[in-house]
Amino acid sequence: PMFPRILTALSVVLVLSSLGLAQQSACKAADIPVGVISLNGDIFRGLAAEDFVGRIQKKAVTVKALAYDDGPRRVLIVADVNRKLSTDSRKAEDEMIKTLLSNARVGDTFAIMPARGPGQDVKFTEDHEAISQALGQTGEGKRGKDPGVLDTVMVGIEWFGPSQPGDAIVVIATDMEGNRKANARMVAKALHDSHIRM
């Protein structure tokens, strides 16, 4: 069944996250952020601390408390606006963005950056209309000629500044090719260092 597999995967995350903590102090409590989602992206609710298993160097540790993060989030959308995209692909992209915006929590802010084509950058705002209209804007972006998806992500990471819980980047793209400077390893390190999910 899927539920035990998710908890097993979660215990692996807790083990890996806890290894570094074990080296710092054997008796110190620590907060460890963990995302528990189903295959269709829904967040699991109703979990309790006893549903999780933590291990430090093969020794079981107690998970004392569990709290859901329902606070405001900052979400950057990087959208592929390559001129070669089909009309259906563009429509699907627009629907995905509308779905993201319609599921916003109170206080969530969104930003959007086009990649591989024209569009308007919009920095973090609660104005959903500005986000929805950004990709329809004509003219070249302000970041040079048609930057690749990963190039755009690297610029977007800088927009976040100091990290906050819930920081995330959502990439909507057909592929990650055609970057001028950035590569997957560079992006992974920048995301890790900035505590941003993608």
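All of the numbers you see were taken from the coordinates with simple rules; none came from a lab. Predicted model only: the values in this text are computed from it and were never measured. Methodologically, a virtual Cβ is constructed for each residue, glycine included, from the backbone with ideal geometry; neighbour enumeration extends over all protein chains shown.
Which entries in the list K91/K189; K123/K181; K64/K123 go over 30 Å, if you measure between the two C-alpha atoms of each? Provide the component values of the computation, followed by the final result.
Details: K91/K189 32 Å; K123/K181 22 Å; K64/K123 38 Å.
Table pairs above 30 Å Cα-Cα are K91/K189; K64/K123.
With the Cα gyration tensor of region 79-191 giving a ≥ b ≥ c as the square roots of its eigenvalues, does the rule (a/c under 1.5 for rounded; else a/b larger than b/c for prolate; else oblate) give rounded, prolate or oblate?
Since a/c reaches 1.5 but b/c is at least a/b, the shape of region 79-191 is classed as oblate.
Taking θ = phi - 60°, what integer Hz values does the Karplus form 6.51 cos²θ - 1.76 cosθ + 1.60 yield along region 55-66, in sequence order, with x for Gly and Pro?
9, 10, 6, 6, 9, 5, 10, 7, 8, 7, 8, 9
Provide the net charge surrounding F160, with neighbours chosen by a C-beta distance below 10 Å and charges set as Lys +1, Arg +1, Asp -1, Glu -1.
Working: positive: R74; negative: E158, D167.
The answer is -1.
Loop only per DSSP, at most 13 neighbouring Cβ atoms within 10 Å: give me the chymotrypsin sites (Phe, Trp or Tyr not before Pro) in region 45-132, ordered by residue number. It would help to have the intermediate numbers written out before the result.
Values: sites: F52, Y68, F110, F124; in loops: F52, Y68.
When the chymotrypsin sites (Phe, Trp or Tyr not before Pro) of region 45-132 are filtered for loop state and at most 13 Cβ neighbours within 10 Å, Y68 remain.
Just need the relative contact order of region 85-198 here, percent rounded to a whole number, with Cα pairs under 8 Å and 6+ apart. Numbers along the way, then the final one.
On the way: 134 pairs, mean separation 23.9, N = 114.
Relative contact order for region 85-198 comes out at 21 percent.
Mind checking the full-extension length gain between K123 and S86? Use 0.36 nm per residue of separation minus the Cα-Cα distance, one decimal, nm.
On the way: separation 37, 0.36 × 37 = 13.32 nm, distance 2.69 nm.
Working it through step by step, the gained length comes to 10.6 nm.
Amide H of V170: which non-local residues (sequence gap of 5 or more, or other chain) have their own amide H closer than 5 Å, using H built in the peptide plane?
When sequence neighbours closer than 5 places are left aside, the close amide H contacts are L76, I77, V78.
For region 54-68 and region 112-130, what is the centre-to-centre distance using only Cα atoms, to the nearest Å?
Between the Cα centre of region 54-68 and that of region 112-130, the gap is 40 Å.
Could you calculate the FRET efficiency of M96 with A184 from 1/(1 + (r/R0)^6), where r is the beta carbon distance between them and R0 is 22 Å, rounded to 0.05?
Numbers: r = 22 Å, r/R0 = 1.00.
E(calc), rounded to 0.05, equals 0.50.
How long is the gain from A60 to A29 if the chain were fully straight, where each residue apart is worth 0.36 nm and the alpha carbon distance is subtracted?
9.8 nm
Excluding N82 itself, calculate the net charge of residues whose Cβ lies under 12 Å from the Cβ of N82, where each Lys or Arg counts +1 and each Asp or Glu counts -1. Mind showing how you got there, number by number?
On the way: positive: R83, K84, R90, R116; negative: D80, E93, D146, D175, E177.
Net of charged neighbours comes to -1.
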